[in-house]
Amino acid sequence: MNENVYDLVVIGGGSGGVRAARIAAGHGAKVAICEEFRYGGTCVIRGCVPKKMMVYAAHYHEDFDDSQAYGWNTKVDSFDWARLIRNKDAEIDRLNGIYENLLSNAGVEILYGTASLIDANTVRLGDQTLSTDKILIASGGTPFMPEIPGIEHAISSNEVFHLESQPKSAVVVGGGYIAVEFAGIFNGIGTESILVYRGPQILRGFDNDIREHLAKEIVKKGIDLRLDTNVTKIELTESGHKQVTFTDDSVRVVDCVLFATGRVPNTEALNLNNANIELGSKGQIKVDETSKTNIDNIYAVGDVTDRIALTPVATMEGHAFADTVFGNNPRLADHTNVPSAVFSQPPIGSVGLSEEQARESLANVDTYSSEFKILKHTLTENTERTFMKLIVDADTDRVVGAHMVGPDAAEIMQGIAIAIKAGATKADFNATVGIHPSTAEEFCTMRTKDAD
């Protein structure tokens, strides 16, 4: 086998791995990066970027309806799924090329193939052996598919981006952000959508008021939400449809069954035992605050570590690793007050503690909330309502959490996140002049505490 010697070999060409490779190379390291599919990772290739494009597509039907109240004689009679997928694929191809160019311009050696460990300093890639001083594992996550009869007739969030035709009906299984988002996408483009979740409410881990509000809104928009329900089996009919049986023994025949029941660390092919790398109970690679594993020269970042499974977090971790190990600039990735969004319809923006988390960790908590119809919908027949909430440490007046369901929630929450990261108090929010008329100004005008 051919042998090559490097300062760093990165396994995984997603956002975390690419950032780490680029920065390490910029610090003078000789770096190779290995990717078995396409550069850009889950987010860019088959995750948040193409999904956001599909969310845009799905929301146009409401925009067309709303436009009539504003004088437009809009009439839409069809949706072209193939055109959306074709345009989406062209943009993903462009982004894939950008990632490769970024790596090449930084002097990183780009390799393709499935990498695995021979030992703590050696990586096998096809017929090549890569010898390296340090290894960074950034192999991400992969969809979890439960073992139920007929699961082979279902698809995961990997395949949903490449369906050849729009399903007329779909069952989406799961209660996390991927399931909620795709139920909204399907519903928005006219697919009859059933969202099935085994728990009592969708989006476990989010503030309970946010969960309840979104659930009401998506039902109003036409999604058939079935809580405390699961799928027990899937059978293929003679016509090629999928017959789905639920835990209450009811049956539905649909075109598509999408399982979005979580993701697991993508480590199966890595042969981590050859380097004695310690794994956690979920199969994640265990790391310390510097992203180092139990083996001194092996590190891991991103979803494979199961810390916070968000693309910007993986990027932050990869950059901090490269600066610390190769840039003579020791620093830690900060996992506190990381903002997030769910691109449901309407979307969620969130940062900091939920009310439930705050009450578990703080002695005295005040909450402020507001539910209202935004100005845009005062002329339309759209019944959608926006919900906003602030969580305050009553002893310090510091705002420790902010949450929103409504249009532009992610855009608004990015600015709120900066304030919370900087330690803003409720008095600071109160003293800030709102931009009028806007939805965001409500975060500056909530004065009445919620009743206990």
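Collect the residues in segment 412-452 that are under 29 Å from K221 (Cβ atoms), in contact (Cβ under 8 Å) with a residue 24 or more places away in the chain, surrounded by fewer than 17 Cβ atoms within 10 Å (Cβ to Cβ) and within 29 Å of the chain's Cα centre (by Cα), keeping them in residue-number order. The answer is Q414, G415.
Within segment 193-201, not a single residue is in contact with a His (Cβ under 6 Å, 6 or more places away or on another chain) and surrounded by fewer than 15 Cβ atoms within 10 Å (Cβ to Cβ). Of the strands (runs of 3 or more DSSP E) entirely within segment 144-246, those holding at least 2 residues that are over 30 Å from S370 (Cα atoms) occupy 169-173, 231-236, 242-246. Scanning segment 279-301 for residues that are touching a strand residue (DSSP E or B) at 6+ places or on another chain (Cβ under 8 Å) and either at pLDDT 95 or above or on the phi < 0 side of the Ramachandran plot (or both) yields a count of 15.
Of the residues T129, T122, the single one that is more than 29 Å from I92 (Cβ to Cβ) and without any contact (Cβ under 8 Å) to a residue 24 or more places away in the chain is T122. All conditions but one from (1) over 22 Å from the mean Cα position of the chain (by Cα); (2) open to solvent by less than 10 Å² (accessible area, probe 1.4 Å); (3) closer than 21 Å to L270 by Cα apply to N4; the one that does not is (2).
For the condition surrounded by fewer than 18 Cβ atoms within 10 Å (Cβ to Cβ) and within 30 Å of Q166 (Cβ to Cβ), what is the one hit in G262, G280?
Working: G280 fails: within 30 Å of Q166 (Cβ to Cβ).
Exactly one residue qualifies, and that residue is G262.
Residue under question is R398, and the condition is that it be farther than 17 Å from I210 by Cβ, touching a Ser or Thr at 6+ places or on another chain (Cβ under 7 Å) and open to solvent by 30 Å² or more (accessible area, probe 1.4 Å); does it hold? Full working, then the answer.
Values: farther than 17 Å from I210 by Cβ: yes; touching a Ser or Thr at 6+ places or on another chain (Cβ under 7 Å): yes; open to solvent by 30 Å² or more (accessible area, probe 1.4 Å): yes.
Yes; evaluated as a whole, the condition is true for this residue.
Please pick out the residue among L272, L236, L225 that is in contact (Cβ under 8 Å) with a residue 60 or more places away in the chain and surrounded by 17 or more Cβ atoms within 10 Å (Cβ to Cβ). It would help to see each step written out before you state the result.
Working: L236 fails: surrounded by 17 or more Cβ atoms within 10 Å (Cβ to Cβ); L225 fails: in contact (Cβ under 8 Å) with a residue 60 or more places away in the chain.
It is L272.
Within segment 175-192, track down each residue that is under 20 Å from the mean Cα position of the chain (by Cα) and surrounded by fewer than 23 Cβ atoms within 10 Å (Cβ to Cβ). If the condition is that a residue be under 20 Å from the mean Cα position of the chain (by Cα) and surrounded by fewer than 23 Cβ atoms within 10 Å (Cβ to Cβ), then G176, Y177 are the ones that fit.
Yes/no per residue for (1) open to solvent by less than 10 Å² (accessible area, probe 1.4 Å); (2) more than 26 Å from the chain's Cα centre (by Cα); (3) of a type in the set (A, V, I, L, M, F, W, C); (4) more than 30 Å from D66 (Cβ to Cβ):
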| residue | (1), (2), (3), (4) |
| --- | --- |
| D334 | no, no, no, yes |
| V342 | yes, no, yes, no |
| G349 | yes, no, no, no |
| S354 | yes, no, no, yes |
| Q357 | no, no, no, yes |
| L362 | no, yes, yes, yes |
| S369 | no, no, no, no |
| I374 | no, yes, yes, no |
| T378 | no, yes, no, no |
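The values are calculated or read from the model by the stated rules, or taken from the named source; none is laboratory data. Worth saying up front: this structure is predicted, and the values here are computed from it rather than measured. We place every Cβ from the backbone using ideal geometry, glycine too, and count neighbours over all the protein chains shown. SASA here: full protein model, heavy atoms, side chains in, ligands and nucleic acids out. Shrake-Rupley method; radii C 1.70, N 1.55, O 1.52, S 1.80 Å.
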